[in-house]
Each structure stands twice: as C-alpha cells, then as structure tokens.
Amino acid sequence: MDKLFDTFLLMLDGSEITLEIFVVTLVLALPLGMLAALGRLSKLKAMSRLVEFYIWLMRGTPLMLQMLFIYFALPFVPVIGIRLPDFPAAIVAFVLNYA
C-alpha cells in the first residue's frame, strides 16, 4: 500500500509540472499565434512569406524533434549558442509549436 501511495504522490507532482507547462504555453502561444496570423495576412510580401515558412516548418516537423533541437542543438548554433535549462526549453518548444 505504501508503494501505491508513493506512486500517487509522484504522479501528483508530475501533474503539477504538466499543468504549469500548459498554463505558461497557453498564455504565451495565444498572442504569438495571433501575431503569426496577422503576419500571414499582411500585405507585406516578405512578412507573409516569412510567417508562411515558419508555419510550414512547425507543421512539417514533429514536436519531439523541435524539442530535441531546442535542448541539444541550439547551443551549437553560432549566432545563438545558449543552452536552456529543462523547463524553459520545454516552454520555448511548446510555444513555438502551438503558436
């Protein structure tokens, strides 16, 4: 019975983290998605094409690949070159994907 209770507590902790990621993603992805929609409808051809490429890229790659890229490959990109901790890397991946 103790093992079951310990497992329940671990699942409760995991649920808390999941809800935190969900709320932060929702708050950040909605405005970014609205901006992307406005950019896609823009009369500026360059802006519309840039957002079209972003949408094509995000829809064409799986979320897991995007998460792996942000966490592992982003530090090796010469211009950016920063390593994000676990939680912010997950937030960035979810926001960019769901926007």
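The values are calculated or read from the model by the stated rules, or taken from the named source; none is laboratory data. Only a predicted model underlies this, so the values are computations on that prediction, with no experimental measurement involved. Every residue, glycine among them, receives a Cβ derived from its backbone with ideal geometry; neighbour counts consider all protein chains shown. Just the protein is used for accessible areas: all its heavy atoms, side chains included, with ligands, DNA and RNA removed. Shrake-Rupley method; radii C 1.70, N 1.55, O 1.52, S 1.80 Å.
Given the structure, is Arg83 at pLDDT below 90, under 30 Å from Glu16 (Cα atoms) and not hydrophobic (A, V, I, L, M, F, W, C)? Against the criterion (at pLDDT below 90, under 30 Å from Glu16 (Cα atoms) and not hydrophobic (A, V, I, L, M, F, W, C)), Arg83 qualifies. Each residue in the stretch 3-19 was checked for being at pLDDT 90 or above and either small (Gly, Ala, Ser) or not in a helix (DSSP H, G or I) (or both), and 1 of them qualify.
Pairs meeting the criteria (first residue in the stretch 18-33 and under 15 Å from Asn97 (Cβ atoms), second residue β-branched (Val, Ile, Thr) and open to solvent by less than 80 Å² (accessible area, probe 1.4 Å), beta carbons under 6 Å, at least 6 apart or on different chains) are Val24/Ile91; Thr25/Val95; Leu28/Val95; Ala29/Val95.
Checking Leu35, Leu9 one by one, the residue that is on the phi < 0 side of the Ramachandran plot, open to solvent by less than 80 Å² (accessible area, probe 1.4 Å) and out of contact with any helix residue (DSSP H, G or I) (no Cβ under 7 Å at 6 or more places or on another chain) is Leu9 and no other. Across the stretch 59-76, the number of residues qualifying as of a type in the set (Phe, Trp, Tyr) and over 16 Å from Phe87 (Cα atoms) comes to 1.
Of the helices (runs of 4 or more DSSP H) lying entirely inside the stretch 43-98, those containing at least 2 residues that are touching a residue at least 24 places away in the same chain (Cβ under 8 Å), open to solvent by less than 80 Å² (accessible area, probe 1.4 Å) and within 18 Å of Leu26 (Cα to Cα) are 63-68, 86-98.
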